[in-house]
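Encoded as C-alpha cells, the structure appears first; notes follow it.
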Amino acid sequence: MSWALQSTELEISLEGGKTLVFPPLQLYPGELVLLKGNSGSGKSTWMHALAGLLPMRSGQVEIVGHPVYRAQSPTPRGWRRHALGLMPQRAFFWNSLSLHENLALAAWAKGIPVEPAPLDRVGLAGKERQSTRTLSLGEQQRVNVLRAFMGNAPVILADEPTASLDDMHAQELLTLLREIQGERAMLVSSHDARLAPFVDRIITLP
C-alpha cells in the first residue's frame, strides 16, 4: 500500500539546548495511528514538527501529492492548507462570531469555498447561529474536528483530542473521527487509554 505521509528521522532543537530525535514514520491511507508517551516525551513536539510549526534541525517530511518539506527550509506553500489538517488540543474560536462564521473563517483561511458545514453529522444541527462560547467542551471538540477535515488534505494530525472529555463524550468523538476519516491517514497524539480500541496501530515514545 502506498503511504500518505513518510518522514525520515527528525531532529528537533528546543530552547535550553535540548534536542529530541524522532524515528522514521510512515502513515497509510485510512489508517489511524495512536502516538503514545508520557508527559514530556515529545508527542506534541513531533506533531508540531510534522505540521511545520517547529523547525527541524535535520530530516524531511513527505506527504503524497505535495512538495517535500526539508529541514532548515521554509515550509512548502500550502502545507497546512492543503497537505494536512491540524486539530490542536485546545480549540480556539472567535467568541464574537457565530459557529457558522467561525467555520466560514476557517474555510477562507484554507483557501477553499465557504459551504454550509455538515453540522447535523456532528450533532450540532440548528446551532449555526450560536456563539461558540455557548457550546460545551464536547461540542467545541466536534467543531474542531470539522475544521481539521475541511478540504482534501490526505493527512490529519490530532493532538490530545479527548483531553478533558468524560467517557461518553470521548467515545462520541472517537466514533466521529472514525466515521468521517475515509481514506485520510490520521496520527493522534494522546496518553488516553480509551483510544486503543479505535486505532489500527500504536507508536510509543520512550
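What do you reckon, is LEU205 under 24 Å from ALA4 (Cβ atoms), in contact (Cβ under 8 Å) with a residue 12 or more places away in the chain and under 13 Å from the mean Cα position of the chain (by Cα)? No. Exactly one residue out of PHE149, PHE92 is within 23 Å of ALA170 (Cβ to Cβ), surrounded by 14 or more Cβ atoms within 10 Å (Cβ to Cβ) and of a type in the set (Phe, Trp, Tyr), and it is PHE149.
Scan the range 165-178 and give yes if some residue there is in contact (Cβ under 8 Å) with a residue 60 or more places away in the chain and of a type in the set (D, E, K, R), otherwise no. The answer is yes; a qualifying residue exists.
Screening LEU97, LEU103, LEU86, LEU135 for residues that are without any contact (Cβ under 8 Å) to a residue 40 or more places away in the chain, crowded, with 18+ Cβ neighbours inside 10 Å and not aromatic (Phe, Trp, Tyr) leaves exactly one candidate, LEU135. Of everything in the range 53-72 that is at pLDDT 95 or above and among the polar types (S, T, N, Q), the residue that is farthest from THR134 (Cα to Cα) is SER58. Across the range 87-131, the number of residues qualifying as modelled with pLDDT under 85 and part of a helix (DSSP H, G or I) comes to 4. Looking at the range 166-194 only, could you name the residues that are in a helix (DSSP H, G or I) and among the aliphatic types (A, V, I, L, M)? Passing the criteria: MET168, ALA170, LEU173, LEU174, LEU176, LEU177, ILE180, ALA193. Do we find that GLN141 is part of a helix (DSSP H, G or I) and in contact (Cβ under 8 Å) with a residue 40 or more places away in the chain in this structure? Criteria met by GLN141.
The values are calculated or read from the model by the stated rules, or taken from the named source; none is laboratory data. This is a predicted model, so every value here is computed, not measured. Ideal geometry is used to build each Cβ from the backbone, glycine not excepted, and the neighbour counts take in all protein chains shown.
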